[in-house]
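Step one of this worksheet: look at the structure below.
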Amino acid sequence: MIDPATSALASWRARYWDRPVDRATCTAMAAKYAALAALEALPGGPAQDAAIRAAAESWPGCLRESQLAGPARCQIRREQASAGQIAAERPRAGWREAGAAPVVLWADLHPLLGDLLAWRRATAGKGGPAGLLAFVKGTPAAERWPAEAALLIRIGGPQARVRMAYAWLAAQAGLGLPALNLELFGREGPWDARAGDPPPVP
């Protein structure tokens, strides 16, 4: 007998790569990569500091992407996102087949990280995964997360930390965390496996 958590995860996975990427998402991602390129070109000082803060607020996690993926990969992703603004909307699978999976994976990861940060600011992180889901319930953000805390705990562990967002995205996309990180950052590193990570969910 399949338990409810496994059934719910299978439903998320069945939909993930079939969901289309709209032009607004492409526009936002192109803007992100343009902002990253612009802030890297600024000299150190208050203007660059302000640009860094603005980028981090608009696209949580983008500074890590910029640092680990590097300018060359980010430029390719900018071109892919820009092309998506003028192309017909296509499912995430089409982006993946074209070698542009990082663009859509980051497009989905930024709001997940943003939800976690908003919840922490509002509640000081009280209630763990159940508290996070209660915080987003009834808002558009709820569509990004599972309905039941049991599934989120199974995927990301009992602590609602930043890594939980990565784990939840990986689970939806049918990827292990190392495979997701390779897509996001373009290289392997010590971030792929950490103490306390739950075992992968088949």
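The values are calculated or read from the model by the stated rules, or taken from the named source; none is laboratory data. These numbers were taken from a predicted model, which means no experiment stands behind them. Glycine also receives a Cβ, built like all others from the backbone with ideal geometry; neighbour counts cover every protein chain displayed. All accessible areas refer to the heavy atoms of the entire protein, side chains included, with ligands and DNA or RNA removed. Shrake-Rupley method; radii C 1.70, N 1.55, O 1.52, S 1.80 Å.
From the list D197, D192, the lone residue that is under 24 Å from R96 (Cα atoms), in contact with a helix residue (DSSP H, G or I) (Cβ under 8 Å, 6 or more places away or on another chain) and at pLDDT below 95 is D192.
Number of residues in region 148-184 that are hydrophobic (A, V, I, L, M, F, W, C), in contact with a Gly (Cβ under 9 Å, 6 or more places away or on another chain) and touching a residue at least 24 places away in the same chain (Cβ under 8 Å): the value is 9.
How many residues does region 120-141 hold that are under 26 Å from C26 (Cα atoms) and in a helix (DSSP H, G or I)? The qualifying residues number 3.
Give R92, R73 a once-over and let me know the one that is open to solvent by 30 Å² or more (accessible area, probe 1.4 Å), touching a residue at least 40 places away in the same chain (Cβ under 8 Å) and within 26 Å of L182 (Cα to Cα). After ruling out the rest, the residue left standing is R73. The number of residues in region 146-166 that are under 17 Å from T6 (Cβ atoms) and either open to solvent by 10 Å² or more (accessible area, probe 1.4 Å) or of a type outside the set (G, A, S) (or both) comes to 10.
Residue-by-condition table, conditions (1) of a type in the set (G, A, S); (2) part of a loop (DSSP other than H, G, I, E, B); (3) more than 29 Å from A171 (Cβ to Cβ); (4) in contact with a Gly (Cβ under 7 Å, 6 or more places away or on another chain):
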{"site": "A8", "(1), (2), (3), (4)": "yes, no, no, no"}
{"site": "C26", "(1), (2), (3), (4)": "no, no, no, yes"}
{"site": "L39", "(1), (2), (3), (4)": "no, no, yes, no"}
{"site": "P43", "(1), (2), (3), (4)": "no, yes, yes, no"}
{"site": "D49", "(1), (2), (3), (4)": "no, no, yes, no"}
{"site": "C74", "(1), (2), (3), (4)": "no, no, no, no"}
{"site": "R77", "(1), (2), (3), (4)": "no, no, no, no"}
{"site": "A81", "(1), (2), (3), (4)": "yes, no, no, no"}
